[in-house]
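Values in this text are rule-based calculations from the coordinates and carry no lab data. Treat the numbers as computed from the prediction; the structure is a model and nothing was measured. Please note: Cβ atoms are built from the backbone with ideal geometry, for glycine as well, and neighbour counts cover all protein chains shown.
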């Protein structure tokens, strides 16, 4: 950062387990109405694993495959050249399959998976503007500058009452 640039503000959106489950059920209802039954689901690891399990339950789909694309490194989330480390072998060209992720952000991972499975339907719970063109269905749009905190990324933490800090 140079001296002339103000610090970048990071916005956060916290998704609870209840909200995630509600959103997954809404997505399942839309998918069932628009596409009928799927032969299988391809979960994009790791974020798509839990949504895929919920969607599989709601839609009665038991075949769940996974695909792993690494494009971020470290806790700071530095973007690197994406690399497929586990292809979705059971899904063929994607015919009859649903690709699931928690969030489509820049669209880098989604683009790669769509190239692997060109005949699949792509769905995610949350979509940022840059990633929206790569998904067929999503539940909620999130601003591009928002960091989404999923329940598997967070832990409950005690926060002392404000009155304690005033009296000290």
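Observations on the model:
- Legend: ranking of residues 140, 9, 154, 135 from fewest to most surrounding C-beta atoms inside 10 Å; resulting order 9, 154, 140, 135.
- In degrees, nearest ten, helix 17-35 long axis to first principal axis of the chain (Cα): 30
- With respect to the chain, whose longest principal axis is taken over its alpha-carbon atoms, helix 49-59 is tilted by about 50°.
- Helical content of the chain, expressed as a calculated mean residue ellipticity at 222 nm, amounts to -8000 deg cm²/dmol (DSSP H runs of 4 or more residues, -39,500 (n - 2.57) each, divided by residue number, nearest 500).
- Taking N as the residue count of the range 11-167, its C-alpha radius of gyration divided by 2.2 N^0.38 Å amounts to 1.12.
- Panel order for 153, 136, by other beta carbons found within 10 Å of each beta carbon, from fewest to most: 153, 136.
- Taking the chain and dividing mean pair separation by its residue count, relative contact order in percent (alpha carbons under 8 Å, at least six apart): 23
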